[in-house]
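What follows draws every value from the coordinates through simple rules; no lab data is involved. Quantities reported herein were computed from a predicted structural model and do not represent experimental measurements. As a convention, Cβ positions derive from the backbone with ideal geometry for all residues, glycine included, and neighbour counts pool all protein chains shown.
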Amino acid sequence: MDLSVQIGPLMLKNPVLLASGTWGFGEKLKNYINLGSLGGLVSKGISFEPREGNPPPRLAETPCGLINAIGLENPGVKAFKKYILPEMLSWQTPILVNIFGENIEEFLKVAEELKHEPVAGFELNVSCPNVAKGGLSFGHDPEAVKNLVSELRLFYKGFLVVKLPPVGPVFKVAEAALNAGAHALTVANTYPALAVDLLHRKPALARGSGGLSGPAIKPLTLKLVYDLYRQFKAPIIGCGGIVSGKDALEYIACGAKAVQVGTATLLDPENPKRILQEIAEELQKLQETKISSLYAALHLTDNKDKAK
Ligand SMILES: Cc1cc2nc3c(=O)[nH]c(=O)nc-3n(C[C@H](O)[C@H](O)[C@H](O)COP(=O)(O)O)c2cc1C
């Protein structure tokens, strides 16, 4: 079974990556699964300075999802590079570093610090407030995304993917990212959501609202992948609520080249391995020998239907 995929210039042995922030830096997960067997690993979000994140409670469960407001806790790029990245690179699978900042300069400083490291590329998390624009999220501001990607492209020629928020002017932001030189889009981050603590008449999370992930969001993000592929025909990494091989193949059929598994890893550390096995099994059931046969398959049907 040929599970290899190509996303712009990036070759992966299979389409299953781990999503940013849902597996730490692998400190514990490495004891459960062979991280090197996965298609790739996306690091926790890295900023220039260390960040403590939000105070607890930072997680609330919903019937088929999880609301989080971790607040992008991380050790900062210098400690990441010195103490964490070397082990990640030893896992023999492509590492994408997820980076973020509160202004363009901060994003660029993180990328500068890492540009000579043998990582497979950068994933830009634009779902964070741009202080220079009064806290308006980068991901809601196509102009800011255009400037960010263009400035990064002046000194970084490696693989670059922009991770979109699922709400806001998503198509305009996607267009800005691709036109400015991003190779691909990760679709998508979490959905704005609220959990309530009725007893104390307040939000359940200390920060107030958070981001919803897990199976609840799968049909919503699938639709975004489907529509974004139709619009741009650009490489997409699908991410949202994947818990089975079938979920992953649905994303691929809608136009994703590869997928990221997030909350499912928190549910059971062996889930990424199981999802990868199920992809091969499902493909066999569908009588396919390579994953690329399913790529954007829904759109082919679309065209046939239209031609009738
Ligand atoms: C606890 C937690 C922490 C996360 N941290 C990050 C992060 O640091 N950077 C980022 O781009 N996305 C982060 N995300 C979003 C995930 O990478 C992913 O986009 C989202 O959870 C949807 O996928 P899923 O439904 O498979 O979890 C986080 C999600 C969770 C649940």
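Structure notes:
- Here's the picture: charge each Lys and Arg Cβ at +1 and each Asp and Glu Cβ at -1 in the chain, and of 211, 132, 12 the one pushed furthest to the positive end of that dipole is 12.
- Applying 1/(1 + (r/R0)^6) with R0 = 22 Å to the Cβ-Cβ distance of residue 79 and residue 103 gives a FRET efficiency near 0.55.
- Euclidean distance of C-alpha centroids, the range 1-48 and the range 117-183, integer Å: 21
- Qualifying trypsin sites (Lys or Arg not before Pro) in the range 163-212, DSSP loop, other Cβ atoms within 10 Å at most 14: 201
- Based on Cα contacts under 8 Å between residues 6+ apart, the chain shows a relative contact order of 20 percent.
- Shape analysis of the range 240-302 yields a ratio of the Cα radius of gyration to the Kirkwood radius, Rg/Rh, of 0.99.
- The calculated FRET efficiency for the pair residue 194 and residue 268, based on their C-beta separation and a Förster distance of 41 Å, comes to about 0.95.
- Computed from backbone phi, the HN-Hα couplings of the range 84-97 come to 10, 4, x, 5, 4, 5, 6, 7, 6, 8, x, 10, 9, 9 Hz, rounded to whole numbers (Karplus: 6.51 cos²θ - 1.76 cosθ + 1.60, θ = phi - 60°; Gly and Pro given as x).
- Annotation note: GluC sites (Glu not before Pro) in the range 8-112 located in DSSP loop regions with a Cβ neighbour count of at most 14 within 10 Å are 27, 52.
- Ranking 98, 260, 85 by Cα position along the charge dipole of the range 5-307, where only Lys, Arg, Asp and Glu carry charges on their C-beta atoms, puts 260 farthest toward the positive end.
- Summed over qualifying helices (DSSP H, 4 residues or more, each -39500 (n - 2.57)) and divided by its residue number, the chain shows a 222 nm mean residue ellipticity of -9000 deg cm²/dmol.
- Nearest-0.05 FRET efficiency for residue 117 and residue 32, computed from C-beta distance (R0 25 Å): 0.45
- The range 133-257: translational diffusion in µm²/s, Stokes-Einstein, Kirkwood Rh over Cα pairs, 37 °C, 0.692 mPa s: 210
- Distribution of pairwise C-alpha distances over the range 93-179, 10 Å bins, in %: 19, 55, 24, 2
- The range 1-91 - Rg over Rh from alpha carbon coordinates, Kirkwood radius: 1.02
- Cα-based convex hull, the chain, per residue volume (Å³, whole number): 136
- Paramagnetic label zone (point 7 Å from Cα along Cα-to-C-beta, residue 297; backbone N under 17 Å) in the range 8-46: 15-16
- Cβ-based exposure ranking for 302, 247, in which fewest neighbours within 10 Å come first: 302, 247
- Computed about the Cα centre, the dipole magnitude for the chain is approximately 300 debye when only Lys and Arg (+1) and Asp and Glu (-1) carry charge, each at its Cβ.
- Amide H within-cut-off set for residue 205, under 5 Å, with H built and near neighbours excluded: 195
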